[in-house]
1. Tell me, please, whether a residue that is part of a loop (DSSP other than H, G, I, E, B), touching a residue at least 40 places away in the same chain (Cβ under 8 Å) and touching a helix residue (DSSP H, G or I) at 6+ places or on another chain (Cβ under 6 Å) can be found in the stretch 52-66.
2. Working carefully through the options R13, R61, R3, find the one that is charged (D, E, K, R), touching a Pro at 6+ places or on another chain (Cβ under 9 Å) and at pLDDT 95 or above.
3. For the stretch 93-142, name all the residues that are part of a helix (DSSP H, G or I), polar (S, T, N, Q) and surrounded by 24 or more Cβ atoms within 10 Å (Cβ to Cβ).
4. What are the residue pairs meeting all of these: first residue in the stretch 121-142, first residue on the phi < 0 side of the Ramachandran plot, second residue more than 10 Å from the ligand (Cβ to nearest atom) and among the acidic types (D, E), Cβ atoms under 6 Å, and 6 or more apart or on different chains?
5. Do the conditions hold for A150, that is, is it assigned to a helix (DSSP H, G or I) and touching a Phe, Trp or Tyr at 6+ places or on another chain (Cβ under 7 Å)?
6. Just name the residue that is farthest from the ligand (Cβ to nearest atom) out of those in the stretch 196-214 that are of a type in the set (D, E, K, R) and modelled with pLDDT of 95 or more.
7. Which residues, counting only those in the stretch 1-51, are surrounded by 14 or more Cβ atoms within 10 Å (Cβ to Cβ), of a type in the set (G, A, S) and without any contact (Cβ under 8 Å) to a residue 40 or more places away in the chain?
8. Is the stretch 65-85 home to any residue that is surrounded by fewer than 21 Cβ atoms within 10 Å (Cβ to Cβ), closer than 18 Å to V203 by Cβ and acidic (D, E)?
Amino acid sequence: MTRKEWKIRATSRLSGTEAPALAAALLLCHVLGIDKVALIAHSEEEIPPLAEAELELLLERRLAGEPVAYLLGRREFYGRDFSVNAHTLIPRPETEHLVEAALEFFQGRENIRFLDLGTGSGCIAVTLAAERPSWKGEAVDVSPGALEVARGNAEAHGVSERVVFRQADFTLPLPFEAAGFDLVISNPPYISEEEYAGLDDGVRNFEPRSALVPGPEGLEHPRAVEAAARALLKEGGLLLMEHGHLQGEACRALCPDAYWMDRRTGLDLAGKERFLFAVRRSSVEAPGLSGDAAV
Ligand code: GLN
């Protein structure tokens, strides 16, 4: 069978799944080890039988609902390829806003020390280090499987000297010196059990539940992130935390006046409240100098 014939058949078998033609093209490129340009330019080439067998297996996995990122073993985040597997959440475009906000807040500042809580594939920590060669950080996750993937990603993007990955549960006290970080950044699990039940099958059946659901309420880990950030940020340090689109107010409320200022909620591309921005106040400063704002 030629590449073109396979693509047409696969697209039709995948109808009813999301973006079937794109998925078919991505699988072809992946298995044949070619890029999209080569796929278009040499669409009449025959597919070797072994490759065809491999394509059939991947197509069946896709038909069973498995996300394309897991079939390819990678997903792009902030312009870089990240390896992913069943131990890691697939990086989402919303999370790129967190990275952008961090880069903007510390614009022109060198030697920033950051901490990524619940690093998963490492997409946040690795991107920060790759974008800012003088920055250094720590990244924790409770899952050894995720840490292995994250370390591989740090290596692949040449930042493994500047990001230290550790296995730790950030809902418990962390082994870091108090007030040692300029930035605490996190995309914690924030989906309530009830919301989880309504998520797509592709997410529920394939992505790690522990990376999505912290407990019945959904705010259990966001609360732990605030506690960790309160203890570990320097004065004037920044907390950036992704949250659910209905959790903006609840997350601002997690940050008491006595410890935090400039609390704001960042929006995602769909205009939904998506991440908390808060600056660690100096402990001697009087509270109430600045309030909350949704931006
Ligand atoms: N930090 C990773 C990401 O943003 C993993 C997040 C998670 O597992 N909740 O994709």
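The values are calculated or read from the model by the stated rules, or taken from the named source; none is laboratory data. Predicted, not measured: the structure shown is a model, and the values here were computed from it. Cβ sites come from the backbone with ideal geometry, for glycine too, and all protein chains shown count toward neighbours.
1. yes
2. R13
3. T127
4. Between residues of the stretch 121-142 that are on the phi < 0 side of the Ramachandran plot and residues that are more than 10 Å from the ligand (Cβ to nearest atom) and among the acidic types (D, E), the close pairs are S134/E110; V142/D169.
5. yes
6. R204
7. Hits for the stretch 1-51 are A21, A24, A25, A38, A51.
8. There is at least one residue in the stretch 65-85 that is surrounded by fewer than 21 Cβ atoms within 10 Å (Cβ to Cβ), closer than 18 Å to V203 by Cβ and acidic (D, E).
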